[in-house]
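Asks: I'd like to ask you about the structure that follows.
The values are calculated or read from the model by the stated rules, or taken from the named source; none is laboratory data. Every value quoted in this text rests on a predicted model; they were computed, and no experiment measured them. Cβ placement follows ideal geometry from the backbone for every residue including glycine, while neighbour counts extend to all protein chains displayed.
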Amino acid sequence: MAPVNSKSQATRASLAHPVIDSDGHFTEYLPILREYLVKEGGHDLEREFFSSFKETPLSTEWYALSPAQRRDQWAKRPPFFATPAENTLDLATSFFPKLLYSRLDEIGLDYTVLYPGIGFIAQFFSNDHVRRAGCRALNDYYADAFGEFADRMTPVAAIPMHTPQEAIDELEYVVRKRGLKVVIFPSYVKRPIPALARTYPEAGRFAYRLDTYGIDSAYDYDPVWTKCLELKVVPTFHGPGEGLVLRNSISNYVYNHIGHFGSASEAVCKSLFLGGVTRRFPQLKFLFLEGGVGWGRTLLSDLKSHWEKRNRNAIRKLDPARIDREQFLDLYRRYGGTLYREKVTLKDTAHFVAQRQDPADIDDFAACGIEREEDIRDLFVPFFYFGCEADDPVTSSAFDSKRNPFGVRFNAVFGSDIGHWDVPDMTEVTEEAYEAVEQGLITGDDFRDFVFTNPVALWTAVNPDFFKGTRVEGAVATALSVA
């Protein structure tokens, strides 16, 4: 290791285990990306690719509108000042893999998984050709740019998901032909609402539903999860929630940004769980990035409490057909007070039983086959991993088995978030994460799980050779041998 010259490097030097970063970021350098787009689909693809940004959270149309027009069209304020600027070294580090590679010791990282900037936006393009060809060009860029640095970092391939087949096609390409070993899926796909699309086809940009691949999906996505197992890749999600319903301010970016990754992750996680995906694919793990673990704790708690009240047996207590209407009417007569009217009769209570339910369609947990509340824990906790940033004060709760539902420890993994505006100095992230130990919020063993044990369990779950040939290969092999 190079001489210590940063707090994070000093922190890493004090540890008996590596630090694995599961969510760093890099930025595509546009002059070079344009070359890849032209190579993949000519100048038409290059032009159409960048014009498609108008339908994504990165749209800059807002700037061309007056305040009155923004309100009239309800144009969401897009991200702005969203990259390190004053710290030019860090800015350049996010663009150039060789520079990042040379600084990893200074940042305190032994190995990092790096997510793209534009890649997870291109997945949302509505034009099939532009989306698929654009993702292909991006993935070629990533494979070429990072190939020589594979011993310490790996880029994440962008997988389009509008149909299972396009996802499978790109998975095959990036893994078998380009050797990439981490992939990102969009957290949702925007689908037209059929009735509205027929009547108001031009409104599709504003009126849509979100397909999250589990429940109510337009397709059966099990072939995608099967392909992930075959190719030994972990499905990861890092989709934006900005611009969706409750994060759609026309004037305030912070309002749109707070909680948006967590809300998008919760939507797809909840869908996969209730859709029974974790039961059907017991070997697969799923990673949700940059939203922290707070939403995961809440979701598990809510699933538990909802099942207790609404499992297929308990929910029958809520069946209006079980109301004693005569008793209700008698109580009305005796205690209705100023609400009492003689004209009210038994037939006026018929509204209690107006809605009939198909007995075969009252178990919202049927797809995941929950028989007892512990099944919720067993089909949730081992399968879902949560990317948490260095400065996230909620991360320590992942290890709080006294207060967590079922007394569990959540699978929190360290995500440095280097390359984004909320990391003003890359050399501080590892030291900042370790402050939770110094403050007594977590133990040293918890920290080891956060930055090493949990990431190892995640990335090797379906690919035991994930770290083969890397700087951490030996430490990983030792950890797995005693697990």
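Asks: Can you tell me which residue within region 207-249, out of those that are of a type in the set (Val, Ile, Thr) and surrounded by fewer than 18 Cβ atoms within 10 Å (Cβ to Cβ), is farthest from residue 413 (Cα to Cα)?
Replies: Here is the first cut: in region 207-249, the residues of a type in the set (Val, Ile, Thr) are 212, 215, 224, 226, 233-234, 236, 245.
Adding the requirement that they be surrounded by fewer than 18 Cβ atoms within 10 Å (Cβ to Cβ) leaves 215, 226, 245.
Working: 215: 27, 226: 24, 245: 29 Å.
Among those that are of a type in the set (Val, Ile, Thr) and surrounded by fewer than 18 Cβ atoms within 10 Å (Cβ to Cβ), it is 245.
Asks: Go through (1) more than 27 Å from residue 243 (Cβ to Cβ); (2) touching an Asp or Glu at 6+ places or on another chain (Cβ under 6 Å) and name the single condition residue 34 misses.
Replies: All conditions pass for residue 34, except number (1).
Asks: Would you check which residues across region 406-427 are over 30 Å from residue 308 (Cβ atoms) and surrounded by fewer than 20 Cβ atoms within 10 Å (Cβ to Cβ) and list them?
Replies: Matches in region 406-427: 421, 422, 424, 425.
Asks: Right, here's the next one. So the check is Cβ under 7 Å with 6+ separation or different chains; which pairs have a first residue in region 432-460 that's outside any helix (DSSP H, G or I) and a second one that's at pLDDT 95 or above and not β-branched (Val, Ile, Thr)?
Replies: Filtered contacts from region 432-460: 441/396; 442/396; 442/399; 442/436.
Asks: Among the residues of region 401-433, write down those that are out of contact with any Gly (no Cβ under 9 Å at 6 or more places or on another chain) and either of a type in the set (Val, Ile, Thr) or not assigned by TED's automatic domain parsing to the domain that holds residue 304 (or both).
Replies: 408, 423 - these are the residues of region 401-433 that are out of contact with any Gly (no Cβ under 9 Å at 6 or more places or on another chain) and either of a type in the set (Val, Ile, Thr) or not assigned by TED's automatic domain parsing to the domain that holds residue 304 (or both).
Asks: For region 45-64, give me the residue count where each residue is over 27 Å from the mean Cα position of the chain (by Cα), among the aliphatic types (A, V, I, L, M) and closer than 17 Å to residue 135 by Cα.
Replies: Here the count works out to 1.
Asks: Still on this structure, I have one more. Considering each of 78, 160 in turn, give the residue that is in contact with a Lys or Arg (Cβ under 8 Å, 6 or more places away or on another chain) and more than 30 Å from residue 476 (Cα to Cα).
Replies: Values: 78 fails: in contact with a Lys or Arg (Cβ under 8 Å, 6 or more places away or on another chain).
Every option except 160 fails the conditions.
Asks: Same structure, new question: Since residue 481 meets every condition but one in (1) assigned to a helix (DSSP H, G or I); (2) farther than 24 Å from residue 263 by Cα; (3) modelled with pLDDT of 95 or more, which condition does it not meet?
Replies: Among (1) assigned to a helix (DSSP H, G or I); (2) farther than 24 Å from residue 263 by Cα; (3) modelled with pLDDT of 95 or more, residue 481 violates only (3).
Asks: Can you find, within region 266-314, the residue that is modelled with the lowest pLDDT among those that are among the acidic types (Asp, Glu) and under 17 Å from residue 237 (Cβ atoms)? Please lay out each step first, then the result.
Replies: Initial filter on region 266-314 (among the acidic types (Asp, Glu)): 266, 290, 302, 308.
Going one step further and asking which of them are under 17 Å from residue 237 (Cβ atoms), we end up with 266, 290.
Details: 266: 97, 290: 94.
Within region 266-314, the match that is modelled with the lowest pLDDT is 290.
Asks: Within region 156-183, restricting attention to residues that are β-branched (Val, Ile, Thr) and over 15 Å from the mean Cα position of the chain (by Cα), which residue is surrounded by the most Cβ atoms within 10 Å (Cβ to Cβ)?
Replies: Keep residues of region 156-183 that are β-branched (Val, Ile, Thr), which gives 156, 159, 163, 168, 174-175, 182-183.
Still in the running and over 15 Å from the mean Cα position of the chain (by Cα): 163, 168, 174-175.
Details: 163: 16, 168: 18, 174: 27, 175: 21.
Ranking the qualifying residues of region 156-183, first place goes to 174.
Asks: Take residue 397 and decide whether it is in the same structural domain as residue 267 (by TED's automatic domain parsing), surrounded by fewer than 24 Cβ atoms within 10 Å (Cβ to Cβ) and not in a helix (DSSP H, G or I).
Replies: Against the criterion (in the same structural domain as residue 267 (by TED's automatic domain parsing), surrounded by fewer than 24 Cβ atoms within 10 Å (Cβ to Cβ) and not in a helix (DSSP H, G or I)), residue 397 does not qualify.
Asks: Considering 335, 340, which residue is hydroxyl-bearing (Ser, Thr, Tyr), farther than 18 Å from residue 305 by Cβ and modelled with pLDDT of 95 or more? Talk me through it step by step, then tell me what you get.
Replies: Details: 340 fails: modelled with pLDDT of 95 or more.
Only one candidate qualifies: 335.
Asks: Next question, about the same structure. Out of region 184-206, which residues are modelled with pLDDT under 90 and surrounded by 13 or more Cβ atoms within 10 Å (Cβ to Cβ)?
Replies: Selection gives 196, 197, 203, 204.
Asks: Being closer than 17 Å to residue 281 by Cβ and under 22 Å from the mean Cα position of the chain (by Cα), is that true of even one residue in region 385-394? Walk me through it before giving the result.
Replies: From region 385-394, those closer than 17 Å to residue 281 by Cβ are 385; that's our starting set.
If we keep only those that are under 22 Å from the mean Cα position of the chain (by Cα) as well, we get 385.
Checked against the condition, which is being closer than 17 Å to residue 281 by Cβ and under 22 Å from the mean Cα position of the chain (by Cα), region 385-394 yields at least one hit.
Asks: Do the conditions hold for residue 143, that is, is it of a type in the set (Gly, Ala, Ser), within 16 Å of residue 222 (Cα to Cα) and in contact with a Pro (Cβ under 8 Å, 6 or more places away or on another chain)?
Replies: Values: of a type in the set (Gly, Ala, Ser): yes; within 16 Å of residue 222 (Cα to Cα): no; in contact with a Pro (Cβ under 8 Å, 6 or more places away or on another chain): yes.
No.
Asks: Please verify whether residue 483 is surrounded by fewer than 20 Cβ atoms within 10 Å (Cβ to Cβ) and in contact with a Ser or Thr (Cβ under 9 Å, 6 or more places away or on another chain), treating the condition exactly as stated.
Replies: Working: surrounded by fewer than 20 Cβ atoms within 10 Å (Cβ to Cβ): yes; in contact with a Ser or Thr (Cβ under 9 Å, 6 or more places away or on another chain): yes.
Criteria met by residue 483.
Asks: List the pairs whose first member sits in region 107-133 and is of a type in the set (Phe, Trp, Tyr), whose second member is part of a helix (DSSP H, G or I) and crowded, with 24+ Cβ neighbours inside 10 Å, and whose Cβ atoms are under 7 Å apart, counting only residues at least 6 apart or on separate chains?
Replies: Within 7 Å, the pairs are 125/134.
Asks: Another question, if that's okay. Return the residues of region 418-431 that are aliphatic (A, V, I, L, M), under 13 Å from residue 100 (Cα atoms) and part of a loop (DSSP other than H, G, I, E, B); say none if nothing qualifies. Quick ask: steps written out before the conclusion?
Replies: The first filter runs over region 418-431 and keeps only residues aliphatic (A, V, I, L, M), leaving 418, 423, 426, 429.
From what is left, the residues that are under 13 Å from residue 100 (Cα atoms) are 418, 426.
Across region 418-431, the qualifying residue is only 418.
Asks: Please indicate, with yes or no, whether at least one residue in region 405-418 is touching a His at 6+ places or on another chain (Cβ under 8 Å) and over 20 Å from residue 285 (Cβ atoms).
Replies: First, the residues of region 405-418 that are touching a His at 6+ places or on another chain (Cβ under 8 Å): 417-418.
In the following step, the residues that additionally are over 20 Å from residue 285 (Cβ atoms) were identified as 417-418.
Among the residues of region 405-418, at least one is touching a His at 6+ places or on another chain (Cβ under 8 Å) and over 20 Å from residue 285 (Cβ atoms), which makes the answer yes.
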